[in-house]
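Read the figures in this text as sums done on the coordinates, not as results from a lab. Owing to the predicted nature of the structure, the values given are computational and were not obtained by experimental measurement. All Cβ positions, even for glycine, are placed from backbone atoms using ideal geometry, and neighbour counts span all protein chains on display.
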Amino acid sequence: MPEQTEVDQRTTTARTVPISARLRRVALLDWIRFALLVAGLLCVATGLLPRAEAASNMRRIAPLLLFLGSVIVLAQLARRARVFDVIAHRVAILGRGNYAALFVLCVLFATATTTLLNLDTTAVLLTPVMLALAGPARITPLPLAMTTLWLANTASLLLPVSNLTNLLAANRVGLDGVGFAARMWAPQLASVLMTMLALWIWYWRRRRRGADRYVPPQPVRAADARERVLMCVTAGACLLFVVAIPLVGDSIGLAAAAAALLAIAAFAVLDRRVLRWSLIPWQLLIFVVGLFLVVPTLSRFGLSTLMHTLIGDDPGVSGALRAAAAGTGLSNIANNLPAYTAGEAVIPTGNRNQLLALLIGTNVGSVVTPWASLATLLCLEFCRIHGVRVPMRRFLATGLALAVLATAAAVGALLITG
């Protein structure tokens, strides 16, 4: 079984590679995450950030960490069970060689994954699956890569689970999953439509993709009964989690954990070798912890003053546009998560539209620079691994245009429907 062989090979490699060599292979991004966590702990130890405030921040993000860890474990096991491969191949088969049909189906697939399972799932799991699909179907890989890369960000507005920033914003404005979706469906629709327009013009049309038709691939089928059971149980766990989203309210982390445990139980019985500590996204978790220690410290020493100057406290149209612009700008200078947390700290509690406009700026506008969001970094890393060249000038120029157009459209939709 190919999946099993891959696990065995990695296990053998891990045992034979010296520890020093493994440390040298740790990615630069991982060292940055470690450094951020250490910096955050030093802020608390030295008193730059009061311990009471640090403890309050940790209590606030504890449910978010449970959700993030659980949903990524669930998604990784779904990939191991080939759930995403099945869907991706079915999408390509449904397109019947027609690029326009494939484009719409890929947009729907990436949007659904981002919306229901969170943007990091799209980045970590959907990107390599879509890129792997390019070979058998003879599809130019760059349009597929940019579809997942952009929609991982611009389609992350609808539900609290779609993005970590959404969970923070929903908590701040006191909206459950249904209430949040009722408020954000129009901005999500506007953002996705603008992304579709940009993708078609700059990456999918005939002149860009270089082919009239593609070759529909063969469907993915389970090799044996064991693989079929794993596929069905893991897909069922994902479906149960999706169904639970509008029902569980603030307990979304517990729902994600329950779904992940169901998938873990299936693998524990049928393919235990897949279960290893590396499934837990520790890099992402320590990044979030470090961030929520460092950013509040910076806010105490001038960042809040800067953000207040940029955003202001106008609850009307001007305040919303300023918040969105500040969120977009700071996201592409630093990263969208610290941009949101820094902006949230200076927006008055009653300015809901201004806070949600800031959220739009940090989610939708973070498509210009490679480091603007973690999802973008991950997508670009998978492109590198698969040998897919992303022209950086084109990436920056088209990303800037999309950030301006999609953010403006989404904020406009927010204000009109509000």
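Structural remarks
- Residues of segment 351-366 with an amide N closer than 18 Å to a point placed 7 Å from the Cα of residue 314 along the Cα-to-Cβ direction: 351-359, 361.
- Placing pseudo-labels 7 Å out from each Cα toward the beta carbon at residue 349 and residue 185 gives an inter-label distance of 3.0 nm.
- Three-way shape call for segment 163-267 based on the alpha-carbon gyration tensor, with the a/c threshold at 1.5: oblate
- Loop-resident sites, segment 243-295, for trypsin sites (Lys or Arg not before Pro), counting at most 14 other Cβ within 10 Å (DSSP): 276
- Assigned charges on the beta-carbon of Lys, Arg, Asp, Glu; segment 26-417 dipole about Cα centre (debye): 1160
- Taking the helices alone, the chain has a mean residue ellipticity at 222 nm of -24500 deg cm²/dmol, built from -39,500 (n - 2.57) per DSSP H run of at least 4 residues and averaged over all its residues.
- Packing rank of 299-306, 172-179, where each peptide gets the mean count of other beta carbons within 10 Å, highest leading: 172-179, 299-306
- Compared with the alpha-carbon gap, the fully stretched path from residue 300 to residue 394 is longer by 30.0 nm at 0.36 nm per residue.
- With R₀ set to 45 Å, the beta-carbon distance separating residue 201 from residue 228 gives a calculated FRET efficiency near 0.60.
- For segment 208-281 versus segment 346-418, the gap between their alpha-carbon centres in whole angstrom: 27
- Relative contact order of the chain: 23 percent, from C-alpha pairs under 8 Å at least 6 residues apart in sequence.
- Between residue 52 and residue 213, the FRET efficiency from the beta-carbon distance, with R0 = 45 Å, is close to 0.10.
- Most to least packed among 193-206, 148-161 [average Cβ atoms within 10 Å]: 148-161, 193-206
- Mean Cβ count within 10 Å, highest first, over the residues of peptides 314-320, 334-340: 334-340, 314-320
- Neighbour counts of other Cβ atoms within 10 Å put 61, 347, 360 in the fewest-to-most order 61, 347, 360.
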